[in-house]
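As C-alpha cells, the structure follows; a few thoughts come after it.
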C-alpha cells in the first residue's frame, strides 16, 4: 500500500502545562476526506494546529508525503501545500475580499499562479467576485466562510484542513458549505475536516475518527460510524 499523504504519529501536545493530545495517531490518504469527530474540548482543533505548525507537538511527529515536519515552521508547511481554514474564519476585516484572497497566494509556490487561481475561486464562489471590493469584515457569516475557503484555495493546497466550516451558519448555508467541500473532494482535493455538525460531516467524508480527551477512541468508514449505536446516541441524537 502506498505511503499516506499525512501521518500523525504518536503526538502529544500541550498548552503550557496542560496536555491536550495524548499519543494521537492517524493517517490521511491522497484523495480522501477524513473527518475528526468528538465533543468540544476533545482536541480536534489542536490536532489541526499541530499539523499546520501552529502548535508543534512536544512528542511524536507529523509526516507529510513521507517527510517529517518536526523542524518546519508553519510558513514552510504552508509552502508544502498544507492549508488550514481556521475556526472563525480569521479574515483581515479591514482589507477587501480581493486583498484577502490575494494574500492566500503569498507563498513562492502559489504566487506565480495567483491570477489564474483567483479566477478559479471566483468561478467557485461567484458572490466573491461581486463583493471583491467590499471590506471582508462587512460580509455575512456565510460570505466570510466562502472568502476563508477561497483564501486557502489560493495557496494551491495539497491538503486542505477545515476547522468548523459551518459554525454559526444557517441550515441553508451549512448545506452550501458542505456541498462546496464535497465538490472539492470530487475534483481530487484531499481534505481533513473538523465539524460539529456530525451528520453533515459523515455525509461527505470517506472515513471518520472519534477523538475523546486527546486520543482516537474509534475509527471507521462514514457508513460504519453512522450505523454505530454508540455514535448515533452520543453524537447524532438517535
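Values quoted throughout were computed directly from the atomic coordinates according to the rules given, and no laboratory measurement underlies them. Keep in mind the model is a prediction, meaning the values are calculated, not measured.
Some notes on this structure:
- One way to sum up the overall shape of the stretch 3-137 is the equivalent ellipsoid from its Cα gyration tensor, whose semi-axes run 30, 18, 14 Å, largest first.
- Structural descriptor for the stretch 145-228: relative contact order 24 percent, calculated from alpha carbon pairs under 8 angstrom and at least 6 residues apart.
- Between 0 and 90°, nearest 10: helix 141-153 axis offset from the chain longest Cα axis: 90
- Mean separation of Cα contacts under 8 Å (6+ apart) over length of the stretch 82-157, as relative contact order %: 53
- Debye-sum result for the stretch 129-217 in log10 I(q)/I(0), which assumes one identical scatterer on each alpha carbon, at q = 0.14, 0.17, 0.24 Å⁻¹: -0.54, -0.78, -1.33
- Taking every DSSP bridge with both residues inside the chain, close to 55 percent are antiparallel.
- Our helix-only sum for the chain, with -39,500 (n - 2.57) per DSSP H run of n ≥ 4 divided by its residues, gives a mean residue ellipticity at 222 nm of -10000 deg cm²/dmol.
- Expressed per residue, the C-alpha convex hull volume of the stretch 82-157 stands at 74 Å³.
- Centre-to-centre, using Cα atoms only, the stretch 46-60 and the stretch 143-172 are separated by 20 Å.
- Whole-number percent relative contact order across the chain, with pairs defined as alpha carbons under 8 Å at least 6 apart: 27
- Rounded to two decimals, the Cα-based Rg/Rh of the stretch 52-97, with Kirkwood Rh, is 1.07.
- Relative to the dominant Cα principal axis of the chain, helix 171-186 is inclined by about 80°.
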